[in-house]
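Beneath this line is the structure, given in structure tokens, with notes to follow.
Each reported figure results from applying straightforward, stated rules to the coordinates on display, with no laboratory input. Predicted model only: the values in this text are computed from it and were never measured. Backbone-built Cβ (ideal geometry, glycine too); neighbour counts: all protein chains shown.
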Amino acid sequence: MSQAAAINTKLIDSLAQIILSLTDEEQQLLLQKIQHPALASEEIQRQREVLKRDIELGIEQLRQGDYSEYD
């Protein structure tokens, strides 16, 4: 194994340990950042908060029976 490959293996092992130590939410943020590197972490977090609010609103509407049934 060449020295560069050995260094990369150590780096990958270290990264894997760090990633596995993240919470589920942190792992999701990391995944989004990898998939959409142009988005700032703050924007990703803002989008997640908006999504959470939308889901909470939908749940509350379902609880109150405030929905339409479609055939």
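Please enumerate the residues belonging to the stretch 14-40 that are of a type in the set (Asp, Glu) and surrounded by fewer than 10 Cβ atoms within 10 Å (Cβ to Cβ). Walk me through how you get there before you give the answer.
We begin by selecting, within the stretch 14-40, every residue of a type in the set (Asp, Glu); these are 24-26.
Within the stretch 14-40, ASP24 is the sole residue that qualifies.
Just the residues that are of a type in the set (Gly, Ala, Ser) and surrounded by fewer than 10 Cβ atoms within 10 Å (Cβ to Cβ), please, taken from the stretch 41-71. Steps first, please.
Initial filter on the stretch 41-71 (of a type in the set (Gly, Ala, Ser)): 41, 58, 65, 68.
If the condition is that a residue be of a type in the set (Gly, Ala, Ser) and surrounded by fewer than 10 Cβ atoms within 10 Å (Cβ to Cβ), then GLY65, SER68 are the ones that fit.
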